[in-house]
Amino acid sequence: MASHRLRTSLSILGIIIGVASVILVGSVGMSGKNAIMKELEMFGLRSLYVFSSYKEDNPIKRKERKGDPITNGDILAIPANCPKVTSVAPICWDWGSWVRHRTRFAQVRLIATTPAISRIRNELPEIGRFLTEEDLKNNRRVCVVGRDIAKKLFPKEKDPIGKEILHIGRRLPKKTRYTIVGVLKVEDTPLSSKISGMPMEENKMFVPITIFQRALNTKGVDDIVAEAILQDQGEEAAEEIKGFLEKRYKGKFCYESETMQQHIDVTNQILGTVAWIGVIAAVVSLLVGGIGIMNVMVSSVAERTREIGIRKSLGARDKDILFQFLTEASVLSIIGGAIGILIGISATLAIETISKHPSLLSREFVALAIFVSCLVGILSGLYPAIRASRLDPIDALRYE
Amino acid sequence: MIIELSNISKVYQMGGNRVEALKDLSFACNEGEFCAIMGPSGSGKSTLMHIIGCLTTLSSGVYFLEGRDVGKLSKDDLAYTRNRKIGFVFQTFNLLPRFSVLSNVELPLLYRGIQGKERREQAGQMLERVGLAFRKRHLPSQLSGGEQQRVSIARALVLNPKLILADEPTGNLDSVTGKEIMEIFCKLKEEGKTIILVTHNQENAQFADKILTLRDGRIE
């Protein structure tokens, strides 16, 4: 083999690339997942939605199902009746409505709510302030807008606080003037929202729910946003609220819920799949490297036929020859594997440093790479070794 | 009788042709005997040698080596027999070119399962016996033909086999060196080894106790 250093090193290179890419792809995939999970946490992992839904098989007739499925009264009663819920906020929507300032327009998603939502959903103002209880109590026409809206309506001004904008509603019958008191912080998480299907609402506009309900003359609420006491109790807290509401209305309405946990699960699944596809691609390249080693071993057996004959004449058994060639193939792959592991680890550490995402390196994938490279060594050596061991001693001795 | 061949024949296929290398041949050799096999090329000398050396099987007939029927041995048993009972000396020396002289002599010990240190000691002693201890770190290619053949004799003898099979051992050597090698074989005979020598050389055959001449796969 020493006489074919180039050929041998090239085949080892296949293993090196394969092993290094298994580690790199695996680790980066896993850590990408971790990074996105961290981003998701910023939405508030404990937050949950409850909303009413229509069900065909509701035994209560449509005529009897009058009134609002969720009202202000329910919101007030939830904290006392649902022990797993820490805070709760009502929401009324006016989607696809518009705001205007002089000649500029922007489409908005109007969210009429209470200050509690700020904590539950991590909605923090970048400049100015969020809605307050005072705003609600005094029916102040104030709003907190997303940065996109602020940019569209006030492209030149840095600070739109105190400006008046006109809201043109779709559900709300009247045009209403609001004073901007805050602009929302933009979370730098475009990737996760795309993956999990959670829209990043840059065109949100928060207003006091009292203004909204008064305009429509209702005490009804569209959705409930709530927060569970503990991180993994989102589902249970949502069930509590649904159960409470169903009992309160004696099954007249049906409710559905959505928790952050569900989004996390979906994200996890998708990212896990992506990571594994990468790993499979890397493993395929490892296998290709194995074929390279097999090629080297097959030619090596052919070149050393005479040596095999001599060894057999001196008393080598078939299994001695088999073992010899298997060892050589394994040594090749283990050398390749070791170099590949070093390269994979250093590349991962380098990416860690550059991207500033710590602790990327995944032990599982290092273990997987070691395992697969040993396996490749044995499998790729097996066929040439069996061929070598079965050579007839006379034919082998006579081989020129 | 150390070797007893009765009515053996060997047929093999060569490029689609049926070649009958040995036909109904019987031959026996006593322990301690020096026996020369002569004959023109293609007479079946080498095939007979390979059969005696347990490197190939018979097409028909029986071969007893030290009273054991070789035809009934498994592949591993044949390897064991080659390792313990037979020492081969080839015309082309058949040393492994990338291994040192010492490692070449160690090979039979390796397949006997002897550990590294003892292996080196025994191989070193054997090289001393053939007068090549000072060459043990060299590669075969750095040695003269006569030296290489002495290394291969050392390798054949290292496990102290009863039977030495030499296939034209002087064929690639000049006459002076050839004579030296033949002297080694004579000395081995005196030590009680059984020697089978395949040769073209009438002079070499003179050292033998008996001469077997083959022609077309039969004893002439």
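The values are calculated or read from the model by the stated rules, or taken from the named source; none is laboratory data. Everything quoted here is computed from the prediction, not taken from an experiment. When we count neighbours, we look across all protein chains shown, and the Cβ atoms used for this are built from the backbone with ideal geometry, even at glycine.
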request  = Would you point out which residue out of A:350, A:367, A:316 is buried (at least 17 other Cβ atoms within 10 Å of the Cβ) and either of a type in the set (Gly, Ala, Ser) or more than 14 Å from chain B (Cβ to nearest Cβ) (or both)?
outcome  = A:316
query = Residues A:27, A:52, A:9, A:31: which one is hydroxyl-bearing (Ser, Thr, Tyr) and modelled with pLDDT under 75?
reply = A:31
task = Restrict the check to region B:70-78 and report whether at least one residue is over 22 Å from residue B:198 (Cβ atoms), in contact (Cβ under 8 Å) with a residue 24 or more places away in the chain and either within 8 Å of another protein chain (Cβ to nearest Cβ) or of a type in the set (Gly, Ala, Ser) (or both).
result = no
query = Given B:133, B:154, which one is out of contact with any strand residue (DSSP E or B) (no Cβ under 8 Å at 6 or more places or on another chain), without any contact (Cβ under 8 Å) to a residue 24 or more places away in the chain and either among the aliphatic types (A, V, I, L, M) or closer than 14 Å to residue B:33 by Cα (or both)?
reply = B:133
remark   = How many residues of region A:244-273 are in contact with a Phe, Trp or Tyr (Cβ under 9 Å, 6 or more places away or on another chain) and assigned to a helix (DSSP H, G or I)? The answer is 4
query = If a residue has to be crowded, with 18+ Cβ neighbours inside 10 Å and within 14 Å of chain B (Cβ to nearest Cβ) to count, how many in region A:272-304 make the cut?
reply = 2
Residues of region A:124-169 classified as closer than 16 Å to residue A:112 by Cα, modelled with pLDDT under 90 and among the charged types (D, E, K, R), total = 0
Members of region A:324-347 that are over 40 Å from the mean Cα position of the chain (by Cα), in contact (Cβ under 8 Å) with a residue 60 or more places away in the chain and either away from chain B (no Cβ under 14 Å) or surrounded by fewer than 17 Cβ atoms within 10 Å (Cβ to Cβ) (or both) = A:325
ask   = From the residues in region B:131-183 that are within 14 Å of chain A (Cβ to nearest Cβ) and among the charged types (D, E, K, R), which one is farthest from residue A:397 (Cα to Cα)?
value = B:155
query = Restricting to region B:44-81, what's the tally of residues that are over 18 Å from the mean Cα position of the chain (by Cα) and of a type in the set (S, T, N, Q)?
reply = 3
query = Can you name the condition, by its number, that residue B:62 falls short on among (1) within 14 Å of chain A (Cβ to nearest Cβ); (2) in contact with an Asp or Glu (Cβ under 8 Å, 6 or more places away or on another chain)?
reply = (1)
inquiry  = So if I check each of B:110, B:96, B:78, which one is buried (at least 17 other Cβ atoms within 10 Å of the Cβ) and either within 26 Å of residue B:31 (Cβ to Cβ) or aromatic (Phe, Trp, Tyr) (or both)?
reply    = B:78
query = How many of the residues in region B:85-111 are touching a strand residue (DSSP E or B) at 6+ places or on another chain (Cβ under 6 Å), facing chain A (nearest Cβ under 9 Å) and closer than 12 Å to residue B:149 by Cα?
reply = 2
key: From A:79, A:115, A:69, A:59, residue being at pLDDT 85 or above and surrounded by fewer than 17 Cβ atoms within 10 Å (Cβ to Cβ)   = A:79
query = What number goes with the only condition from (1) surrounded by fewer than 20 Cβ atoms within 10 Å (Cβ to Cβ); (2) farther than 20 Å from residue A:320 by Cα; (3) of a type in the set (S, T, N, Q) that residue B:152 does not pass?
reply = (1)
